[in-house]
Structure formats: structure tokens, C-alpha cells
Amino acid sequence: MDLIFGALIGVGAYPFLGTRMWCRYGCPLAGMMRLFGKFSLSRFQVKANEKCKGLNLCTTQCPMGIDVASFAHKDGHPIEGSFGLQNTPCIGCGGCVDICPVQALSFQKILNPYKELN
């Protein structure tokens, strides 16, 4: 399995699928986290606010390859989108929140776990 993901597919697919292919597509723990995220009563989301300047540092910091900036701005204008484990492979590391120089992202607990996110 390591040979397939690490060497054969990994080298050829990195330019198209991004980094951490094993974590996103092959790891059984990631699949369990996605399943747990859909049915868990304890949920979080990363929420953007109106401070976003469109620097895209958050996207470059994400180890799971999530386009975080698309939840924070569109065409240079801030939007107040959000994402979490239930609709992305977010692992809640907080890298996107920490790297933002204008503090446009923050963690937020979802009080109603059955409410759909933006």
C-alpha cells in the first residue's frame, strides 16, 4: 500500500491532487473521521468574518488541501462562510486560524448539530 500511494501514484498525482494523498484518500482513519463528523453531536466549524483581505495564507497552511480562502472571500470581497468536518476533510488543526494576520477566521462550536452549514 505504501509503495502504491507513496511512490507510484504519489509522484504522478501530486501536481493534480495536491499533497497528503494518503491522508485524504487512503487512510482508514480519515474515513472514520468523516463518518464520525457526520453523526457526532460535538461539532465545530471554522468561521470567516468580514475582516478577510484575500491573502490566501490560510489555504497554503491547510495540511488537508482545503481551499479555506473560498469560504472566506470571493472575488476579493469577504464572505462569512464556514466549514467543518461534516462537509470537508478538516481535522481541526487550527493552522488556518493561526496564520491569518487579520484574524478573519475563528473556531466556532455548532450548538445545533443537525443544522446545515453555509
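What follows draws every value from the coordinates through simple rules; no lab data is involved. If you're wondering where the values come from, they're calculated on a predicted model, not measured in any experiment. Note that each Cβ is placed from the backbone with ideal geometry, even for glycine, and that neighbours are counted across all protein chains shown.
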**Fill in**
Here the qualifying pairs (Cβ atoms under 8 Å; residues six or more apart or on different chains; first in the stretch 71-84 and of a type in the set (Phe, Trp, Tyr); second part of a strand (DSSP E or B)) come out as Phe71/Val46; Phe71/Ala48; Phe71/Ser82; Phe71/Phe83; Phe83/Gln45; Phe83/Val46
**Asked** If we scan the stretch 62-71, do we find a residue that is among the hydroxyl-bearing types (Ser, Thr, Tyr) and surrounded by 17 or more Cβ atoms within 10 Å (Cβ to Cβ)?
**Response** no
**Message:** I need every pair where a residue in the stretch 23-36 that is in a helix (DSSP H, G or I) has its Cβ under 8 Å from the Cβ of a residue that is exposed (fewer than 12 other Cβ atoms within 10 Å of the Cβ), sequence separation at least 6 or different chains.
**Reply:** Gly26/Met1
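For (1) among the hydrophobic types (A, V, I, L, M, F, W, C); (2) closer than 17 Å to Gly31 by Cβ, each residue gets a yes or a no:
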| residue | (1), (2) |
| --- | --- |
| Thr59 | no, no |
| Ala69 | yes, no |
| Ala72 | yes, no |
| Gly76 | no, no |
| Gly81 | no, no |
| Gly84 | no, yes |
| Pro89 | no, yes |
| Cys93 | yes, no |
